[in-house]
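First up is the structure itself, then whatever we jot down about it.
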Amino acid sequence: MSVAATVGRRAATTYRVAVEELDLLIVGSGSGNTIPGPDLDGWRIGIAEQGTFGGTCLNVGCIPSKMLVLPADRVVEAADASRLGVHLPSPTVDWPAIRDRVAGRIDPISAGGRAYRAGQDDVVLLEGHAEFTASGTVIVGGTEVRAERVVLATGSRPYVPPLPGLADAGFHTSDTIMRVDRIPERLLVLGGGYIAAELGHVFAALGSEVVVVTRGERLLRAEDHEVSERFTSAFGRRAELHLSTRVDAVRSAGGEVALECTTTSTSGNPTPTVVSGDALLVCTGRVPNSDRLGLEHTSVRTSPDGLVVTDRFLRTDQPGVWAIGDVRSAHQLKHVANHEATVVTHNLLHPDDLRAVDESAVPHAVFSDPQVGAVGLREEDLRASGTPYRVGRRDYAGVAFGWALEDDTGFAKVLVSPGDRRILGGHVLGPQAATLVQLLTAAMQFAVPADRFAREQLWCHPALSEVVENALLDALD
């Protein structure tokens, strides 16, 4: 029931707002939107959203970016076809058609999801910024919400570094670059992580001269070092790389953006450089949206990185307040957020029979060229912890389908415990890497030892999955 009340949000501000009494408030409409369902029939639920309905993945993340990766992959495949004896004309890229295809799919889904929730009798759609004003009270726009339970699902946003001149020079982030009117002729990409790798691949394939500027000595430094090294070498064939380079300032002149940089050589000598282009894409990571929630009015804690701290049941330190997704998880993966939404739904319904979130085998992928798939620990993690391990590797070129691909970059790498033969980590670089790593994820999740997994099933020949089989056998033998 909505009523009117006078509420003092801060000492100097008093105004009248509507009041909503809810059983559950969900802040964020991404994975949080999957929580209301038949199991919660009879609950009065509020969904607060200040942006586009549907969250990051649907609107500016994994779905539109992968829809752009697909045509980029086709262009690269056409260019590589000559190695197989197939000579194709240069593809013609219709960027407006590509862009509009993506928008034409995701925008109706977002609008439809919003309309569906707005039309439900037991769901209150609250559009506006949500912020705690007390431990049990949240203001959303002009509405004061009092809820017995709150789920924080506000996700993350692109991090924009405080570089001199950046705001005045103009730039894109992953939130905006996918809807530009034209393909930049020379695109500067600031950053060397997975977003830079994926969007750099897209725009390099579709016609941009891509220039990557990153502080790291390699791209994808969060991956296993061998994957990172091979990826950097392969990506460097398609893009201009400025590694070990710090951006000191940004300026614009004559329709161009210039990065004033300092590049450090392998011997440690700094050299000033200037890198210019007609557009700048900032891909320097993402930050959780915890700092905009008024958590200082609650007992909810955050980590030094801004992540909301929860226990393994997804409870915060504030009774009745839970958190899921990028606002709490360093993984920043949609499949993790969806898993957490399932767990928190169960826990909301069964407070005496709580489930813990299971992150023992979390796979991830980078949809660039070459593709990357990984799960579990890296070799450097095991080395740093002193954990005994054995390494198995197999190049794509070492299996029959790899021969057919004429692949000279891809490989699979597995890390196996020498005692009980547990698979500790798996890393794949090359075509279908995101699919191949799922094989290792299944083995890890269900505790199938490497020797059983490699030897006690039949591996389809000559499928690319043999690269995983052979990597496992290499670790065992």
For residues that are in a helix (DSSP H, G or I) and free of Cβ contacts under 8 Å to residues at least 60 places away in the same chain, scanning just the stretch 205-232, find the one that is surrounded by the fewest Cβ atoms within 10 Å (Cβ to Cβ).
E229
Is it true that some residue in the stretch 419-434 is under 30 Å from R83 (Cβ atoms), touching a strand residue (DSSP E or B) at 6+ places or on another chain (Cβ under 7 Å), in a helix (DSSP H, G or I) and touching a residue at least 40 places away in the same chain (Cβ under 8 Å)?
yes
Mind checking which pairs have a first residue in the stretch 453-471 that is over 17 Å from R390 (Cα atoms) and a second that is surrounded by 18 or more Cβ atoms within 10 Å (Cβ to Cβ) and of a type in the set (D, E), Cβ under 6 Å, 6 or more apart or different chains?
W459/E466; W459/E469
Return a yes/no flag: does the stretch 391-410 have any residue that is aliphatic (A, V, I, L, M) and under 19 Å from E223 (Cβ atoms).
yes
Test result for S29, modelled with pLDDT under 95 and either in a loop (DSSP other than H, G, I, E, B) or in contact with a Gly (Cβ under 6 Å, 6 or more places away or on another chain) (or both):
no
Any residue that is assigned to a loop (DSSP other than H, G, I, E, B), touching a strand residue (DSSP E or B) at 6+ places or on another chain (Cβ under 8 Å) and within 25 Å of C62 (Cα to Cα) - is there at least one of those in the stretch 338-353?
no
Take the stretch 275-305 and flag every residue that is in a loop (DSSP other than H, G, I, E, B) and within 17 Å of V151 (Cα to Cα).
L293, G294, T298, S299, V300, R301
Residue list for the stretch 242-274, filter: assigned to a strand (DSSP E or B), of a type in the set (A, V, I, L, M) and more than 24 Å from T176 (Cβ to Cβ)
V274
Would you confirm whether or not the stretch 383-403 contains a residue that is farther than 22 Å from D80 by Cα and acidic (D, E)?
no
Odd one out for G425 among (1) small (G, A, S); (2) over 13 Å from G376 (Cβ atoms); (3) within 28 Å of the chain's Cα centre (by Cα)
(2)
In the stretch 400-418, anything assigned to a loop (DSSP other than H, G, I, E, B) and in contact with a Pro (Cβ under 8 Å, 6 or more places away or on another chain) is listed as D407, T409, G410, S417, P418
Condition check for V150: under 25 Å from D326 (Cβ atoms), touching a residue at least 24 places away in the same chain (Cβ under 8 Å) and part of a strand (DSSP E or B)
yes
Quick one: would you say E260 is more than 16 Å from Y194 (Cβ to Cβ), acidic (D, E) and in contact with a Ser or Thr (Cβ under 6 Å, 6 or more places away or on another chain)?
no
Give the residues of the stretch 137-164 that are crowded, with 18+ Cβ neighbours inside 10 Å and of a type outside the set (V, I, T), sorted by residue number.
E144, A147, R149, L152, A153, G155, S156, R157, P158, L163
Output for Cβ contacts, cut-off 7 Å, separation at least six or different chains, first residue touching a residue at least 24 places away in the same chain (Cβ under 8 Å) in the stretch 335-362, second surrounded by 18 or more Cβ atoms within 10 Å (Cβ to Cβ) and among the basic types (K, R), reads L348/R149
Output for the stretch 350-394, where each listed residue is farther than 30 Å from V202 by Cα, aliphatic (A, V, I, L, M) and either out of contact with any helix residue (DSSP H, G or I) (no Cβ under 8 Å at 6 or more places or on another chain) or in the same structural domain as T232 (by TED's automatic domain parsing) (or both)
L382, A384
F453 fails exactly one of (1) surrounded by 15 or more Cβ atoms within 10 Å (Cβ to Cβ); (2) modelled with pLDDT under 95, namely (2)
Find all pairs meeting these conditions: Cβ atoms under 7 angstrom apart; at least six residues apart or on different chains; first residue within the stretch 98-109 and farther than 17 Å from A72 by Cβ; second residue among the small types (G, A, S) and surrounded by 13 or more Cβ atoms within 10 Å (Cβ to Cβ).
I109/G54
Quick check on my filter: what residues within the stretch 67-91 are of a type outside the set (A, V, I, L, M) and in a loop (DSSP other than H, G, I, E, B)?
G85, H87, P89, S90, P91
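The values are calculated or read from the model by the stated rules, or taken from the named source; none is laboratory data. Computed from a prediction, not measured in an experiment: that's the story for all the values here. Note that each Cβ is placed from the backbone with ideal geometry, even for glycine, and that neighbours are counted across all protein chains shown.
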